[in-house]
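Peer 1: Below is the structure I would like to discuss, written out as structure tokens.
The values are calculated or read from the model by the stated rules, or taken from the named source; none is laboratory data. Computed from a predicted structure; not experimentally measured. Quick reminder, even Gly has a Cβ in these numbers, built from the backbone with ideal geometry, and neighbours come from all protein chains shown.
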Amino acid sequence: MGEDHVKSYYAATANDGARYPRAQGEMTADVCVVGGGFSGISAALTLAERGYSVVLLEANRIGWGASGRNGGQMIAGISGEHNIERQLGAQGRELLRAIRYRGHEIIEGRVAKYGIACDLKHGWMEAAAREKHMPHLRDYVERRQAEGDGAGLEIVEPHEMAHVLGTKIYHGGYIDRRSGHLHPLNLCHGEARAAASLGVKIFEDSQVLEIKGGSPCFVTTAQARIKAASVILAGSTEHQFQRGPLRGLTFPTGSYIIATEPLDEATAQAINPQDLAVADSNIVLDYFRMSADRRLLFGGRCNYSNRDPADLRASLRPRLVEIFPALADKRIDFAWGGRIGIVLTRVPAIGRLEPNVYYLQGYCGHGVNTTHLAAEIVCDAIAGTMEKFDLFEKIRHVRLPVGRWMGNQMLALGMLYYRLRDLL
Ligand SMILES: Cc1cc2nc3c(=O)[nH]c(=O)nc-3n(C[C@H](O)[C@H](O)[C@H](O)COP(=O)(O)OP(=O)(O)OC[C@H]3O[C@@H](n4cnc5c(N)ncnc54)[C@H](O)[C@@H]3O)c2cc1C
């Protein structure tokens, strides 16, 4: 039996309690998708819209993993852009420009087309955590604007910050009006409902135990066997099929969120008058936004050693109060965590284990939009359009030739360096 949703603000405010059955018996499909987070659901929906028959197998519940528990920040671009540019040069820059808002477009299109109620709002800010970060943020915006790709970007000078956020802690930043925030579990459920309406066979409590490649492939759960022309391994961190190119590539790290009680309107206006989603410019960053019912959802404390803090509230609250002292006496109603898939190059891992077994994972905490565009790239590849897929497959990733535990300790050590650098 799979696990139920973690006790988060999102699970408590989910629109849709729909349950999908457990997979049983023999089935045939054009594509079998393993994993019911954004990567898998988005791929299944794209394929169904294009006329493919799809079976999707989820070990727990739809949206159970990072997709149903994240900060809900819909952020432009993807992680590891500097490595894409470094490795692919002009082709890489062109790719990044083409995909920068593609995930947003897919999400916005589906919210409109399928009437998905997921509190989608526009406005996202990167706030300079240190004075010395501001020149980098300014350069980034000016470069994007010079390249004709900066519509929606606004620099916020340090002296303008008081109009943007009710805290003195940041040193300016920039706002991206095309990015924003949303209720991720409701988006995932809405996309799943849309996929099911187009004929995708969705199964929960259906952990995949074995994948036999070849033509066709066979995907096995405890009670079902699916024969499929192609398989998509759609998931950040939890897959057990870390074979070949996936070995030592992605490491799970913890990230955690607390949600305050609903704030009165005056307090919400005072701390975040433009209702922005905010992430700071540190490598080990804080991120926050308001929920539709005016709670502050505050995240951070990424834990690379993969050991969860014993008390999430005690761990996150001091930082929240440091940023917004006005919230010192507010109740914390929810606290939860999840796993982010980290790839050392920071570039999402999109590729193939075999000619017809695809994988997409390792979004490095930047997956709300990226899952959607990565899923489209994989679906295009299945249909024979390879340009973007080939570029991702070309990326040289760094792999750690050690087991997961040791890999996480090495990662934690590396991140300690960045944490200290953030603090200096
Ligand atoms: C606390 C937190 C905050 C975050 N905040 C943000 C944010 O604000 N903005 C942003 O862009 N990104 C954020 N992220 C990252 C983002 O959530 C992820 O990148 C994204 O959700 C990954 O989606 P996925 O579908 O690849 O993986 P998941 O959502 O983890 O889905 C994988 C699914 O596969 C299933 N599965 C695993 N093994 C099997 C198997 N053998 N058989 C069948 N099913 C299986 C799992 O049960 C799971 O449901 C955050 C992540 C966390 C944890």
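Peer 1: Taking G2 as meeting all but one of (1) at pLDDT 95 or above; (2) within 13 Å of the ligand (Cβ to nearest atom), write down the number of the exception.
Peer 2: For G2, the exception is condition (1).
Peer 1: Name the one entry in G248, G254 that is within 20 Å of the chain's Cα centre (by Cα), surrounded by fewer than 21 Cβ atoms within 10 Å (Cβ to Cβ), of a type in the set (G, A, S) and not in a helix (DSSP H, G or I).
Peer 2: Being within 20 Å of the chain's Cα centre (by Cα), surrounded by fewer than 21 Cβ atoms within 10 Å (Cβ to Cβ), of a type in the set (G, A, S) and not in a helix (DSSP H, G or I) holds for just one of G248, G254, which is G254.
Peer 1: Continuing with the same structure: Tell me, yes or no, whether segment 204-217 has at least one residue that is surrounded by 16 or more Cβ atoms within 10 Å (Cβ to Cβ), under 22 Å from the mean Cα position of the chain (by Cα), modelled with pLDDT under 90 and farther than 16 Å from I350 by Cβ.
Peer 2: No: segment 204-217 contains no residue that is surrounded by 16 or more Cβ atoms within 10 Å (Cβ to Cβ), under 22 Å from the mean Cα position of the chain (by Cα), modelled with pLDDT under 90 and farther than 16 Å from I350 by Cβ.
Peer 1: Which pairs do you get when a residue that is surrounded by 24 or more Cβ atoms within 10 Å (Cβ to Cβ), found in segment 174-191, comes within reach of a residue that is of a type in the set (V, I, T) and in a strand (DSSP E or B), reach meaning Cβ atoms under 6 angstrom, with the pair 6+ apart or on two chains?
Peer 2: none
Peer 1: Across segment 329-377, what is the total count of residues that are over 19 Å from E81 (Cα atoms) and either within 13 Å of the ligand (Cβ to nearest atom) or crowded, with 21+ Cβ neighbours inside 10 Å (or both)?
Peer 2: Residues flagged as over 19 Å from E81 (Cα atoms) and either within 13 Å of the ligand (Cβ to nearest atom) or crowded, with 21+ Cβ neighbours inside 10 Å (or both) within segment 329-377 amount to 9.
Peer 1: Next up: Listed residues R144, R193; which is of a type in the set (K, R), more than 21 Å from the chain's Cα centre (by Cα) and more than 10 Å from the ligand (Cβ to nearest atom)?
Peer 2: After applying the criteria, what remains is R144.
Peer 1: What single numbered condition from (1) among the charged types (D, E, K, R); (2) within 14 Å of the ligand (Cβ to nearest atom); (3) outside any loop (DSSP other than H, G, I, E, B) fails to hold for D205?
Peer 2: For D205, the failing item is (3).
Peer 1: How many of the residues making up segment 1-39 are out of contact with any helix residue (DSSP H, G or I) (no Cβ under 8 Å at 6 or more places or on another chain) and surrounded by 19 or more Cβ atoms within 10 Å (Cβ to Cβ)?
Peer 2: 5
Peer 1: Further, regarding this structure: Find all pairs meeting these conditions: Cβ atoms under 7 angstrom apart; at least six residues apart or on different chains; first residue within segment 122-144 and under 29 Å from E105 (Cβ atoms); second residue at pLDDT 95 or above and assigned to a helix (DSSP H, G or I).
Peer 2: Going by the 7 Å Cβ cut-off, the qualifying pairs are E126/L137; A128/M134; A128/L137.
Peer 1: Inspect all residues belonging to segment 12-33 and state whether any of them is within 25 Å of Y256 (Cβ to Cβ), within 14 Å of the ligand (Cβ to nearest atom) and at pLDDT 95 or above.
Peer 2: Taking every residue of segment 12-33 in turn, none turns out to be within 25 Å of Y256 (Cβ to Cβ), within 14 Å of the ligand (Cβ to nearest atom) and at pLDDT 95 or above.
Peer 1: Filter segment 35-73 for residues that are out of contact with any Phe, Trp or Tyr (no Cβ under 8 Å at 6 or more places or on another chain), over 20 Å from A335 (Cα atoms) and within 7 Å of the ligand (Cβ to nearest atom) and give the result.
Peer 2: The answer is G35, F38, S39, G40, A59, N60.
Peer 1: Just name the residue that is nearest to G123 (Cα to Cα) out of those in segment 78-110 that are surrounded by fewer than 21 Cβ atoms within 10 Å (Cβ to Cβ) and small (G, A, S).
Peer 2: Only one residue tops the list, namely G109.
Peer 1: Follow-up question, since we're still on this one. I'm trying to understand the selection: among the residues of segment 245-289, which are more than 10 Å from the ligand (Cβ to nearest atom), small (G, A, S) and more than 19 Å from R339 (Cα to Cα)?
Peer 2: Within segment 245-289, A266, A268, A270, S281 meet the criteria.
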